[in-house]
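> Have a look at the structure that comes next, please.
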Amino acid sequence: MTIDEIIDFVEGLDGTLVVRPEAGDGSPEISWGDAFFYYAPDGVVPQATQPFATIVTKNYPGDETSRLDRPGAFRVNVAVGKETFTDRTGHAPGEPAGGDPGATDVVIAHPVYGSAAWLAVVNPGPRTDEAVRQLLRHACDLARARYERRRRAG
């Protein structure tokens, strides 16, 4: 899967907004080239919520173990909730994950945000293509449900 294929897939999910920071738009330089996925049926970035998934194309401070400084490396990060996280990893969020955070085409606990039930895949490929799509759909559904709850509580 390429970054553009992932973005096209997410854009096809109902109510999603894809934000791609770039030079000149007021976003921090470190975020340029990355992508942030929100459930935002009104097309406006929500002010009080995190994205349900992201794509990062470089190492961030304190998050170097995925080795995204390799040519062509990127990582898809998905907020999947405790149940799906536990089903996919075999352990609860916050428990030691083990494994190589830089391994490619493998679903892993996010090396920094695993404790918040985020999963990650470095350079998704044939082994994880369908899993990444399922996880993104699920994360979007969770974000939609949170949006609807907030709207009803209004």
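> Report, by residue number, each residue of the stretch 126-143 that is open to solvent by 10 Å² or more (accessible area, probe 1.4 Å) and touching an Asp or Glu at 6+ places or on another chain (Cβ under 8 Å).
Answer for the stretch 126-143, where residues must be open to solvent by 10 Å² or more (accessible area, probe 1.4 Å) and touching an Asp or Glu at 6+ places or on another chain (Cβ under 8 Å): PRO126, ARG127.
> Might you check whether a residue that is part of a loop (DSSP other than H, G, I, E, B), more than 15 Å from the chain's Cα centre (by Cα), closer than 19 Å to SER31 by Cβ and free of Cβ contacts under 8 Å to residues at least 24 places away in the same chain occurs anywhere in the stretch 118-127?
No, the stretch 118-127 contains no residue that is part of a loop (DSSP other than H, G, I, E, B), more than 15 Å from the chain's Cα centre (by Cα), closer than 19 Å to SER31 by Cβ and free of Cβ contacts under 8 Å to residues at least 24 places away in the same chain.
> Sticking with this structure for a sec: Could you list all residues from the stretch 21-46 that are closer than 23 Å to ARG146 by Cα and either more than 17 Å from the chain's Cα centre (by Cα) or open to solvent by 80 Å² or more (accessible area, probe 1.4 Å) (or both)?
PRO41, ASP42, GLY43, VAL44
> Quick one: which of THR49, THR54, THR84, THR65 is part of a loop (DSSP other than H, G, I, E, B), among the polar types (S, T, N, Q) and surrounded by 14 or more Cβ atoms within 10 Å (Cβ to Cβ)?
Result: THR49 is the single residue among THR49, THR54, THR84, THR65 that is part of a loop (DSSP other than H, G, I, E, B), among the polar types (S, T, N, Q) and surrounded by 14 or more Cβ atoms within 10 Å (Cβ to Cβ).
> Which residue out of GLY94, GLY114, GLY125, GLY98 is of a type outside the set (A, V, I, L, M) and under 23 Å from TYR39 (Cα atoms)?
Matching residue, one of GLY94, GLY114, GLY125, GLY98: GLY114.
> Right, another one. Collect the residues in the stretch 10-20 that are of a type outside the set (Val, Ile, Thr) and surrounded by 17 or more Cβ atoms within 10 Å (Cβ to Cβ), keeping them in residue-number order.
LEU13, LEU17
> Still on this structure, please answer the following. Every residue in the stretch 55-73 that is under 11 Å from the mean Cα position of the chain (by Cα) and touching a residue at least 24 places away in the same chain (Cβ under 8 Å), please.
Hit for the stretch 55-73 is ILE55, nothing else.
> Output yes when any residue across the stretch 137-148 is in a loop (DSSP other than H, G, I, E, B), without any contact (Cβ under 8 Å) to a residue 60 or more places away in the chain and under 17 Å from the mean Cα position of the chain (by Cα), and no when none is.
Within the stretch 137-148, not a single residue is in a loop (DSSP other than H, G, I, E, B), without any contact (Cβ under 8 Å) to a residue 60 or more places away in the chain and under 17 Å from the mean Cα position of the chain (by Cα).
> Which residues, taken from the stretch 93-146, are within 16 Å of VAL10 (Cβ to Cβ) and at pLDDT below 95?
Hits for the stretch 93-146: nothing passes.
The values are calculated or read from the model by the stated rules, or taken from the named source; none is laboratory data. Model, not experiment: these values are computed from the prediction. Cβ sites come from the backbone with ideal geometry, for glycine too, and all protein chains shown count toward neighbours. Remember, those area values only see protein heavy atoms, side chains included, never the ligands or the DNA or RNA. Shrake-Rupley method; radii C 1.70, N 1.55, O 1.52, S 1.80 Å.
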